[in-house]
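Asks: Input: one structure, supplied below.
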C-alpha cells in the first residue's frame with residue numbers, strides 16, 4: 001500500500017531518470033520504478049531498497065495503468081517523447097493523476113499542448129511537459145525577467161555550456177527529430193532557419209562567445225503564456241561541436257552524486273522599447289539539474305501550488321522567481337538585474 005506521496009518514474013533506469021529517482025527519495029517521496037526493461041529496473045531498484053518495480057510499455061495501455069496505480073503523479077523520463085508522451089498522458093488522464101516530463105523535443109511538446117489541453121482541464125489534472133533544463137528553465141527565466149510587464153518586444157534566451165557530452169537518449173532524440181526546428185517570430189510559430197549567429201557577452205567564466213540559434217522546448221512554451229512577437233534562443237559553439245561529433249562520449253560522473261563536471265550559464269532578456277530586464281542562472285550538469293526542476297514542479301503540483309489545471313508551461317504554472325530560488329540547494333544560482 002503506497003502513501004499519498006508516491007510518484008511513478010517512467011524510464012527510471014535512464015541517465016536522467018536515475019537522478020529523478022534519487023531526488024524523489026531525498027525529498028521523502030516514494031518512487032515507483034517503471035519502464036520496459038525489467039533487468040534495468042531491478043538493477044536500479046537494488047540501488048534504492050524498498051522501491052517497487054513495475055514493468056510497462058507505451059505499446060500496452062494496461063501495463064501503463066498498472067504502473068501508475070496508487071500514484072499521485074507520473075514523471076516521464078523516457079524519450080523520444082514523440083513516442084512516449086501521448087500514451088502515458090492518456091493513462092494519466094484515465095487515472096486522474098498529474099503528468100510531468102523532461103522533453104526538449106519541440107514537436108512532442110507542441111503536440112501535448114495541442115492535443116491534451118481540454119482533456120487535462122476536464123480531468124482536473126496538470127500536464128506539465130518540458131520540466132527540464134531545456135524548456136522549463138528558459139521559460140521560468142523569461143517569466144521572471146518579464147515581471148509585471150504584460151508584453152515585451154522580444155525575449156532572448158542564451159545558453160553557454162563548457163561542454164556537452166550527450167546521453168544515448170539525447171542521441172536518439174536527435175535522430176527522431178531531424179530537419180528544421182520551430183522558431184517563433186512575427187507572432188507566428190513555424191519551421192524555419194534559426195536566427196543568424198551573433199556574439200553574446202556571458203558572465204565569467206565564459207565571457208564573450210559566438211552563439212548560434214538552437215530552438216528547443218522553450219520556443220514552444222514561452223509564447224503560450226507570455227505576450228511577445230519574438231522569441232530567440234542561442235547557444236555557444238562548443239556544445240554544438242561536441243554534440244555533432246559522433247565520437248563525443250557520454251557524461252561521466254565527477255563525484256558520488258553522479259553529476260558530471262559540466263558547467264552552464266543561462267540568461268533571459270526581456271526587452272520593451274529601450275528597457276531590458278535580465279534573469280540568469282548558473283549551475284552544473286544539465287542532465288542532473290533537470291531532476292530538482294521536475295521534482296520541485298511535482299511537489300508544487302501535488303501541494304496545490306500550480307495556478308491552474310490543464311497543459312501548462314513552467315512559468316505559467318508557478319511563481320517563477322520563487323521556483324528558481326527554491327533550486328539553490330541543488331546548486332542553481334539565480335540572479336535578476
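Any read-out appearing in this document is the output of simple, stated calculations on the displayed coordinates, not a laboratory observation. Computed from a predicted model, the values in this text were never measured in an experiment. Heads up, the Cβs are rebuilt from the backbone with ideal geometry, glycines too, and the neighbour counts pull from every protein chain shown.
Asks: For region 1-110, give the share of DSSP beta bridges that are antiparallel, in percent and rounded to the nearest 5; count only bridges with both residues there.
Replies: Expressed as a percentage, antiparallel bridges in region 1-110 total about 0.
Asks: Once the piece of chain linking residue 201 and residue 43 is laid out straight, how much longer is it, given 0.36 nm per residue of separation minus the C-alpha distance between them? If you can, show how the numbers build up before the last one.
Replies: Details: separation 158, 0.36 × 158 = 56.88 nm, distance 4.44 nm.
Roughly 52.4 nm would be gained on extension.
Asks: So for each of 87-98, 42-53, 116-127, 211-222 I average, over its residues, the number of other beta carbons within 10 Å; can you give me the resulting order with the highest mean first?
Replies: The densest-packed peptide leads the list: 211-222, 87-98, 116-127, 42-53.
Asks: A further question follows. In deg cm²/dmol and to the nearest 500, what is the mean residue ellipticity at 222 nm of the chain if only DSSP H runs of at least 4 residues count, each as -39500 (n - 2.57), divided by the residue total? Write out the running numbers ahead of the final one.
Replies: Numbers: 12 runs with 126 residues, N = 337.
After summing the helix terms and dividing by residue count, I get -11000 deg cm²/dmol.
Asks: Please work out, to two decimal places, the log10 of the ratio I(q)/I(0) at q = 0.15 Å⁻¹ from a Debye calculation in which every Cα of region 70-158 carries one identical scatterer.
Replies: For region 70-158, the Cα-only Debye profile gives -0.61.
Asks: Could you work out the Kirkwood radius for region 18-119, taking every pair of different alpha carbons, averaging 1/r and inverting it, reported in Å?
Replies: Over region 18-119, the inverse of the mean reciprocal pair distance is 14.1 Å.
Asks: Moving on to the next point. Classify the chain as rounded, prolate or oblate, taking a ≥ b ≥ c as the square roots of the eigenvalues of its Cα gyration tensor: rounded when a/c is under 1.5, otherwise prolate if a/b is larger than b/c and oblate if not.
Replies: prolate
Asks: Taking every DSSP beta bridge that has both residues in the chain, what percent is antiparallel when rounded to the nearest 5?
Replies: Details: 34 of 60 bridges.
Around 55 percent of the beta bridges assigned by DSSP in the chain are antiparallel ones.
Asks: At a Förster distance of 35 Å, what's the computed FRET efficiency of residue 122 paired with residue 187, Cβ-Cβ distance as r, to 0.05?
Replies: E(calc), rounded to 0.05, equals 0.75.
Asks: Between residue 176 and residue 257, what's the calculated FRET efficiency when r is the beta-carbon distance and R0 is 30 Å? Round to 0.05.
Replies: Efficiency at R0 = 30 Å is approximately 0.55.
Asks: Taking the 0 to 90 degree range and rounding to the nearest ten, how far is the long axis of helix 106-123 tilted relative to the main principal axis of the chain, both from C-alpha atoms?
Replies: For 106-123 against the chain, the angle is about 60 degrees.
Asks: Counting only the backbone N, which residues of region 173-205 are under 12 Å from the spot 7 Å out from the Cα of residue 240 toward its beta-carbon?
Replies: Output list for this probe position: 194-200.
Asks: Using mean Cβ contacts within 10 Å as the protection proxy, how do 279-287, 254-262, 22-30, 226-234 order, highest first?
Replies: Values: 279-287: 22.4, 254-262: 14.7, 22-30: 17.8, 226-234: 20.2.
So the order, starting with the most tightly packed, is 279-287, 226-234, 22-30, 254-262.
Asks: Listed highest first by mean packing, meaning other Cβ atoms within 10 Å per residue, what order do 132-143, 199-210, 56-67 come in? Could you put the intermediate results ahead of the total?
Replies: Working: 132-143: 29.2, 199-210: 13.0, 56-67: 17.5.
Sorting 132-143, 199-210, 56-67 by mean packing, highest first, produces 132-143, 56-67, 199-210.
Asks: If you don't mind, another one. With a point put 7 Å past each Cα toward its Cβ, work out how far residue 210 is from residue 154 in nm, to one decimal.
Replies: Rounded to a tenth, the inter-label distance reads 2.0 nm.
Asks: Can you give the FRET efficiency for residue 333 and residue 303, using 1/(1 + (r/R0)^6), R0 = 30 Å, r = Cβ-Cβ distance, to the nearest 0.05? Let's see the in-between values first.
Replies: On the way: r = 25 Å, r/R0 = 0.83.
FRET efficiency, residue 333 to residue 303: 0.75.
Asks: Over the alpha-carbon set of region 288-337, divide Rg by the Kirkwood Rh and report the Rg/Rh ratio to two decimals.
Replies: Working: Rg = 11.0 Å, Rh = 11.4 Å.
Using Cα coordinates only, the ratio equals 0.97.
Asks: Moving on. Which shape class, rounded, prolate or oblate, goes with region 199-337 when its Cα gyration tensor gives a ≥ b ≥ c as root eigenvalues, a/c under 1.5 marks rounded, and past that a/b bigger than b/c marks prolate? Write down the numbers at each step before the final one.
Replies: Numbers: a/c = 1.66, a/b = 1.14, b/c = 1.45.
Oblate.
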